1. Using the structure shown, decide if ALA26 is open to solvent by less than 60 Å² (accessible area, probe 1.4 Å) and over 30 Å from PHE175 (Cα atoms).
2. What residue, of ALA59, ALA86, ALA77, is touching a Ser or Thr at 6+ places or on another chain (Cβ under 8 Å), at negative phi, in contact (Cβ under 8 Å) with a residue 12 or more places away in the chain and outside any loop (DSSP other than H, G, I, E, B)?
3. Just checking, which of LEU346, LEU332 is closer than 20 Å to GLU293 by Cα, under 23 Å from the mean Cα position of the chain (by Cα), at pLDDT 75 or above and not β-branched (Val, Ile, Thr)?
4. Step by step: first the residues of region 166-209, then only those that are outside any helix (DSSP H, G or I) and basic (Lys, Arg), then the one that is surrounded by the most Cβ atoms within 10 Å (Cβ to Cβ). Which residue is that?
5. Restricting to region 315-331, name every residue that is under 26 Å from ILE46 (Cα atoms) and either open to solvent by 50 Å² or more (accessible area, probe 1.4 Å) or in contact with an Asp or Glu (Cβ under 8 Å, 6 or more places away or on another chain) (or both).
Amino acid sequence: MFLTKLLQNDRGGRWLISVLVLLIVAVPFLNSLPADSMFHLPTYSIAILGKYLTLALLAVAVDLVWGYLGILTLGHAAFFSLGGYAMGMYLMRQIGDRGVYGNPELPDFMVFLNWQELPWFWHGFDQFWFAMLMVMVIPGILAFVFGALAFRSRVSGVYLSIITQALTYALMLAFYRNEMGFGGNNGLTDFKDILGFSLSEESTKLGLFIASAVALIIGYLVSRAITESRAGRASVAVRDSESRARFMGYRVENIKLWIFTISAMIAGVAGALYVPQVGIINPNEFSPLNSIEVVVWVAVGGRASLYGAVIGAVLINYAKSYFTVELPEVWLFALGGLFVLVTLFLPKGVIGLIKSKEAAQ
């Protein structure tokens, strides 16, 4: 009943959730078919699909604050990476004495760097529930503190975009340092298993794909519930005219802070699901370029629709996978050109184009 009411005026959302549910059912079936069947879906394709879904969840998080709140954030890679590092710390603790140096307490990179004991901030990450809590709490706290300082100081527009980019760049430089205790330049890798299941097993990759699809459904519904709430409608008023919303009595800073924090927590979950599927997390994930790419996904798909962000993320990442193999030297130019073309000719993205075609008919 609640879902029916929530998606009552969201045809695109209903289609998206239907497709995701279909994938949850169809992908395991297609994977189970004989390898010589033309309908067989290989395991490596499932891992790629799972990665796309985690990136789509990140795009939904960005669309929530950019599309509905008007905040052009260029720092969501930071929240995504922090969630990824929290998951990576759990996975490193699961290695135990199976590492290169056979130390049951210290990860290999700490043994290599001659660390004598586990840092205090690594304690607790041998427990799955604690790691999953930190996946959301750490990005949430950073977003809350950053947002409280920025929004109460009424920093907005291009200045806020630059500050968010500076935030993720500063974190990238910090995580490159070996003394931070996060593996430095190499990051965290050589993961073995999760919850006792080997990450190299096909069934585990399938489970991670299903978890990614379920997380995207939940993340979409949470974001949709926010946009349909009173605070969500107020956020649109803030986006369209912040001064008018403030004059009407809305606590603009609180609205921005609440939605920005929730968005960061969703991005952290996306990062946590991304890491076990790609097998590594390192400081490059903090790169400002990654945050800019997410903005392009949302712009191409269509702002302020949520499902448009999903479509944009999947389309662009599929194109990226193709071009980085076939024409790696032109990919970044193609991405920049695509952003310019969409801005000039498709200001509402692919979703806006589809809606205009439907209206014309």
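The values are calculated or read from the model by the stated rules, or taken from the named source; none is laboratory data. Just so it is clear, the model here is predicted, and its values are computed rather than measured. Note: ideal-geometry Cβ built from the backbone for every residue, glycine included; neighbour counts use all protein chains shown. With ligands, DNA and RNA removed, areas are computed over all heavy atoms of the protein, side chains included. Shrake-Rupley method; radii C 1.70, N 1.55, O 1.52, S 1.80 Å.
1. Criteria met by ALA26.
2. Only one candidate qualifies: ALA77.
3. LEU332
4. The initial filter retains those residues of region 166-209 that are outside any helix (DSSP H, G or I), namely 176-177, 181-183, 187-201.
Still in the list and also basic (Lys, Arg): 177, 192.
Working: ARG177: 12, LYS192: 14.
The qualifying residue surrounded by the most Cβ atoms within 10 Å (Cβ to Cβ) is LYS192.
5. The answer is LEU315, ILE316, TYR318, LYS320, TYR322, PHE323, THR324, VAL325, GLU326, LEU327, PRO328.
A quick yes/no check of all residues on (1) within 11 Å of the chain's Cα centre (by Cα); (2) closer than 23 Å to MET180 by Cα; (3) crowded, with 24+ Cβ neighbours inside 10 Å; (4) at pLDDT 90 or above:
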| residue | (1), (2), (3), (4) |
| --- | --- |
| LEU257 | no, no, no, yes |
| ILE266 | yes, no, yes, yes |
| GLN277 | no, no, no, yes |
| PRO288 | no, yes, no, no |
| ILE292 | no, no, no, no |
| LEU306 | no, no, yes, yes |
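Each row is one residue, and each column tells you yes or no for (1) open to solvent by 10 Å² or more (accessible area, probe 1.4 Å); (2) at pLDDT below 90; (3) out of contact with any strand residue (DSSP E or B) (no Cβ under 8 Å at 6 or more places or on another chain); (4) more than 30 Å from LEU160 (Cβ to Cβ).
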| residue | (1), (2), (3), (4) |
| --- | --- |
| MET1 | yes, yes, yes, yes |
| THR4 | yes, yes, yes, yes |
| LEU22 | yes, no, yes, yes |
| LEU33 | yes, no, yes, yes |
| TYR52 | yes, no, yes, no |
| SER81 | no, no, no, no |
| GLY88 | no, no, no, no |
| TYR101 | yes, yes, yes, yes |
| ASP108 | yes, no, yes, yes |
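Yes/no matrix, rows are residues, columns are (1) at pLDDT below 90; (2) within 27 Å of ALA166 (Cβ to Cβ); (3) of a type in the set (Phe, Trp, Tyr):
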position	(1), (2), (3)
LEU7	yes, no, no
MET38	yes, no, no
VAL65	no, yes, no
GLY84	no, yes, no
ILE95	no, no, no
